[in-house]
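Here the structure is laid out as structure tokens; the discussion comes afterwards.
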Amino acid sequence: MLKKKTISEILRFGVTGSVATLVHYLVYYILMTFINTSVAFTIGYIVSFVLNYIMSARFTFRKKTSARNGIGFCGAHLINYFLQIVLLNFFIHLNVPERLAPLPVYCISIPVNFLIVRFVFNPKRSLGR
């Protein structure tokens, strides 16, 4: 059974992730009309990354930003970025329209990212503790 603190953390992650994902998608959607899809996706990712780090530290996990969690967050998001860019190109290859391809990517990568980032900010806690 999940503890109340964990459920609250998951809900805050949902808010943070929703805001960061919306920013990412809007930047991607606007830029893809002018530049390569992967480049537009990458620029959107970078913009949302900065916002996501600040919100994750202060709002989601209620921690101060530090070099340690900053480096861990960068590592988690490096994994997340590569997962997303591979999935984006995979879904485009499957003929999912470029404007919609990020949506299934987010459905797969966001839960994976939560688990990795949660470990960065709370290394001694597992999902249910």
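The values are calculated or read from the model by the stated rules, or taken from the named source; none is laboratory data. Remember, it's a predicted structure, so these values are computed and weren't measured experimentally. Because the Cβ atoms are built from the backbone with ideal geometry, glycine has one as well, and the counts that use them run over all protein chains shown.
Out of everything in the range 1-20 that is surrounded by fewer than 19 Cβ atoms within 10 Å (Cβ to Cβ), among the polar types (S, T, N, Q) and closer than 25 Å to CYS74 by Cβ, what residue ends up being modelled with the highest pLDDT? Among those residues, the one meeting the criterion is SER18.
In the range 74-86 there is no residue matching the filter, namely being under 21 Å from PHE121 (Cα atoms) and outside any helix (DSSP H, G or I).
Do we find that LYS5 is part of a loop (DSSP other than H, G, I, E, B) and basic (Lys, Arg) in this structure?
Working: part of a loop (DSSP other than H, G, I, E, B): no; basic (Lys, Arg): yes.
Answer is no for this residue.
Residues that are of a type in the set (Phe, Trp, Tyr), modelled with pLDDT of 90 or more and loosely packed, with under 15 Cβ neighbours inside 10 Å occur at least once in the range 73-94.
Each residue in the range 32-64 was checked for being touching an Asp or Glu at 6+ places or on another chain (Cβ under 8 Å) and either free of Cβ contacts under 8 Å to residues at least 40 places away in the same chain or farther than 18 Å from ALA101 by Cβ (or both), and 2 of them qualify.
Residues checked against (1) part of a helix (DSSP H, G or I); (2) aliphatic (A, V, I, L, M):
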{"position": "THR21", "(1), (2)": "yes, no"}
{"position": "HIS24", "(1), (2)": "yes, no"}
{"position": "ILE35", "(1), (2)": "no, yes"}
{"position": "SER38", "(1), (2)": "yes, no"}
{"position": "ILE43", "(1), (2)": "yes, yes"}
{"position": "ILE46", "(1), (2)": "yes, yes"}
{"position": "ASN52", "(1), (2)": "yes, no"}
{"position": "ARG99", "(1), (2)": "no, no"}
{"position": "PRO104", "(1), (2)": "yes, no"}
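In the range 6-31, the residues that are within 15 Å of PHE49 (Cα to Cα) form Cβ pairs under 6 Å with partners that are among the β-branched types (Val, Ile, Thr) and crowded, with 19+ Cβ neighbours inside 10 Å, at six or more places apart or across chains, as follows: PHE13/THR60; THR16/THR60. When the range 37-72 is filtered for residues that are at pLDDT below 90, farther than 16 Å from PHE114 by Cβ and either aromatic (Phe, Trp, Tyr) or out of contact with any helix residue (DSSP H, G or I) (no Cβ under 6 Å at 6 or more places or on another chain) (or both), the ones remaining, listed by number, are LYS64, SER66, ALA67, ARG68, GLY70.
Could you please let me know if PHE114 is among the aromatic types (Phe, Trp, Tyr) and under 21 Å from TYR53 (Cβ atoms)? Answer is yes for this residue.
With the condition kept exactly as written, say whether any residue in the range 107-128 is of a type in the set (Phe, Trp, Tyr) and at pLDDT 90 or above. The answer is no, given that none of the residues of the range 107-128 is of a type in the set (Phe, Trp, Tyr) and at pLDDT 90 or above. Tell me yes or no: at least one residue of the range 65-72 is in contact (Cβ under 8 Å) with a residue 40 or more places away in the chain, surrounded by 18 or more Cβ atoms within 10 Å (Cβ to Cβ) and either assigned to a helix (DSSP H, G or I) or of a type outside the set (Phe, Trp, Tyr) (or both). The answer is yes; a qualifying residue exists.
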